[in-house]
Each structure stands twice: as structure tokens, then as C-alpha cells.
1. Of the numbered conditions (1) within 20 Å of R27 (Cα to Cα); (2) at pLDDT 90 or above; (3) outside any strand (DSSP E or B), I99 fails exactly one; give the number of that condition.
2. Where the second residue is outside any helix (DSSP H, G or I) and surrounded by fewer than 19 Cβ atoms within 10 Å (Cβ to Cβ) and the first is free of Cβ contacts under 8 Å to residues at least 40 places away in the same chain and lies in the range 11-25, which pairs have Cβ atoms under 9 Å and are six or more apart or on separate chains?
3. Could you identify the single residue in P56, P74 that is out of contact with any His (no Cβ under 9 Å at 6 or more places or on another chain), in a loop (DSSP other than H, G, I, E, B) and over 22 Å from T10 (Cα atoms)?
4. Restricting the range 66-110 to residues that are aliphatic (A, V, I, L, M) and in contact (Cβ under 8 Å) with a residue 60 or more places away in the chain, which is surrounded by the fewest Cβ atoms within 10 Å (Cβ to Cβ)?
5. Could you list all residues from the range 77-96 that are more than 12 Å from A15 (Cβ to Cβ) and either modelled with pLDDT of 95 or more or in contact with a helix residue (DSSP H, G or I) (Cβ under 7 Å, 6 or more places away or on another chain) (or both)?
Amino acid sequence: MSFLFGKKQTVKAFAVTLEDGREITNREITRLKYRREYQAEPRFDILVRVEPAGEPPFEAKMKAGISKTFLLIPGVRVQVQYDPRNLKQVTIDDEPQAILDRNPQLIKKG
């Protein structure tokens, strides 16, 4: 079977956010194209440092939907998925509750 028709290989790893997803969302959502109703969830690029097991870390832009960007402040660890042949773009592969469980700094005390 040709590599053109094979299943796309992806790898999972943890990444640390380097940008503030809340700030990016607030800035981008005010743009005209997001003022209309869309059926698809708006997705934004957030800079992360991916830390694959047994490999050197690398920086990439992570695609994340608006439903998760409010959790993505700098320093938050999330699970991502990426194609090892294209290290410039990764996708968040994590649920909000798992992000909260892994990052106690997101939970207000008191």
C-alpha cells in the first residue's frame, strides 16, 4: 500500500502552553468574522512547547477550540497529538476535566 493512502501516523505527548489562550480568544473573537453564528467551533493557534517522551522538546502552534482556550494560560500542561513528519502544528487532545485535574493552579481556592 502506498504511503499516500496509508493511515496518517500521529503521536501523543504532553505540552506546556507558552501563550495565554484567554487573551488570544478575547482578542480574536472581537474580529468581524466571529461575530456571526457559525456551526463549527472557532479554533485558535496557541504557542506550546511539546515534550515528547524520549525526544527533545520543540515549540509548535497548537490548534484549540474556544471551549478549551479559557483553560490555556501560560504554564498549563495539556496532552497534544501531532504528526511526527510535521512538528510545526499540533492539536490539543485533552478534555477540560483532565486539564483541570493535571493543573491545580487553574482551580481557585477559597
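The values are calculated or read from the model by the stated rules, or taken from the named source; none is laboratory data. Values in this document were obtained by computation on a predicted structure and should not be read as measured data. Using ideal geometry, Cβ is built from the backbone for each residue, glycine included, and neighbour counts are taken over all protein chains shown.
1. Only one criterion in (1) within 20 Å of R27 (Cα to Cα); (2) at pLDDT 90 or above; (3) outside any strand (DSSP E or B) is unmet by I99, namely (1).
2. E23/I73
3. Testing whether each residue is out of contact with any His (no Cβ under 9 Å at 6 or more places or on another chain), in a loop (DSSP other than H, G, I, E, B) and over 22 Å from T10 (Cα atoms) leaves just P74.
4. V76
5. Of everything in the range 77-96, just one residue is more than 12 Å from A15 (Cβ to Cβ) and either modelled with pLDDT of 95 or more or in contact with a helix residue (DSSP H, G or I) (Cβ under 7 Å, 6 or more places away or on another chain) (or both), namely P96.
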